[in-house]
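The values are calculated or read from the model by the stated rules, or taken from the named source; none is laboratory data. Small disclaimer: the values here were computed from a predicted structure and weren't measured. When we count neighbours, we look across all protein chains shown, and the Cβ atoms used for this are built from the backbone with ideal geometry, even at glycine. Heavy atoms of the whole protein, side chains included, go into the accessibility calculation; ligands, DNA and RNA do not. Shrake-Rupley method; radii C 1.70, N 1.55, O 1.52, S 1.80 Å.
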Amino acid sequence: MLAMVAAMFATWASSEATNASVTGIDADAGRLAIVGALVCVLLVQINQRPAWVVAGFTAAVLAREFFELSGRDGVEVGGGLSGGVVLALAAMAVLAWDLFAGVGSPPDDAVC
């Protein structure tokens, strides 16, 4: 997730018509993704399993922005946004896998 935060400082989109480019910290979705990534890292550090929910939310915010920008004419999606989407999805997948990998059968002496 910290690599995803670094991707927010890269170019998200560039416009051919105006020769302008936007980075993740310039967009509201980018700032929201940074906050989400930092909350996810905090949850992982204090060993809380719902961190995958925050990673999924961050991935959804970035994917929505990716599809919104890719649908516009004359706008080229940059590597920062594409990389952020991929990294957030990877973090969500790893955290969800860890959630289900920790599931096991109850001990034999457990009272139901």
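Protein heavy-atom accessible surface, 1.4 Å probe, per residue over the chain: 62 Å². For V75, what charge total do you get from the other residues with a beta carbon under 11 Å from its beta carbon, if Lys and Arg give +1 and Asp and Glu give -1? Around V75, the surrounding residues sum to -3.
Available extension along the chain between V39 and R64 is 7.0 nm, counting 0.36 nm per residue and deducting the alpha carbon span. Taken as entire DSSP H runs, the helices of the chain that both span 30 Å or more between Cα atoms along their own long axis and average -0.5 or more on the Kyte-Doolittle scale are 79-101.
The Rg/Rh ratio of the chain, with Rg taken over Cα atoms and Rh as the Kirkwood radius over Cα pairs, comes to 1.17. The modelled label-to-label distance between E16 and E76, using points 7 Å beyond Cα along the C-beta direction, is 0.9 nm. Express in whole angstrom the spacing between the alpha-carbon centres of the range 52-94 and the range 10-46. Spelled out, the Cα-based centre of one part sits 9 Å from the other.
Around F66, under 14 Å between beta carbons, what's the net of Lys plus Arg minus Asp minus Glu among the other residues? The answer is -1.
Each Cα pair under 8 Å and six or more residues apart adds its sequence gap; the mean of these over the residue count of the range 1-96 is a relative contact order of 39 percent.
Measuring spread by the Cα atoms of the range 53-107 yields a radius of gyration and Dmax of 15.5, 60 Å.
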